[in-house]
Amino acid sequence: MVRLFGSLDTNARFSAHSECPLLRGAEECKSDWQAPAANAESIEDRKPRFLLCKTCLHRVTAENARTEVQGKHVHVFCNPYGLVFEIGCFGAAPGCAPLGLPSLEFTWFPGYEWQVGVCRGCRAHLGWRYIAVHGGEFYGLILANLVGE
């Protein structure tokens, strides 16, 4: 397993803050054309890479589920208790279960209610589910709590 993301200490207190043969002339395009050498992307490379719960290795989301909210994928926030979280935004996280009723209190994203999100495998805290007041949702997952598959 390799960590995909750097992380902040979540216990820290907040202080301050090449050519393509189709583009060449027709006379150069031959029926015996071969695929580019080993540096080309293979079918295996196009498979989605999954992000797992660091605690139990349950699949949480895929890298291709990354999304931007307020113009960024990664955000750093401090909660009312002074704990700092580095989160990544994902459009879907099937391995993350939302808990409790949605709340607008202390939301980091104006116009979004939040719910705590836990791993469906071991119940470890993975982040939050954000629900737009006018529809739509995303997951803000704590990057330090994820590892790559």
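Is there a residue in the stretch 128-141 that is in a strand (DSSP E or B), within 16 Å of THR61 (Cβ to Cβ) and touching a Pro at 6+ places or on another chain (Cβ under 7 Å)? Walk me through it before giving the result.
Our first condition is that a residue be in a strand (DSSP E or B); within the stretch 128-141, this holds for 128-132, 137-141.
From the residues that got through so far, the ones that are within 16 Å of THR61 (Cβ to Cβ) too are 128-130, 137-141.
Of the ones still in play, those that are also touching a Pro at 6+ places or on another chain (Cβ under 7 Å) are 129.
Yes, some residue in the stretch 128-141 is in a strand (DSSP E or B), within 16 Å of THR61 (Cβ to Cβ) and touching a Pro at 6+ places or on another chain (Cβ under 7 Å).
Just one of GLU63, GLU149 is among the acidic types (Asp, Glu) and modelled with pLDDT of 95 or more; which is it? Walk me through it before giving the result.
Numbers: GLU149 fails: modelled with pLDDT of 95 or more.
Every option except GLU63 fails the conditions.
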Residue under evaluation ILE43, criteria (1) modelled with pLDDT under 70; (2) closer than 23 Å to VAL147 by Cβ; (3) aliphatic (A, V, I, L, M), criterion not met: (2)
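The values are calculated or read from the model by the stated rules, or taken from the named source; none is laboratory data. From a predicted model like this one, the values you see are computed outputs, not experimental measurements. When we count neighbours, we look across all protein chains shown, and the Cβ atoms used for this are built from the backbone with ideal geometry, even at glycine.
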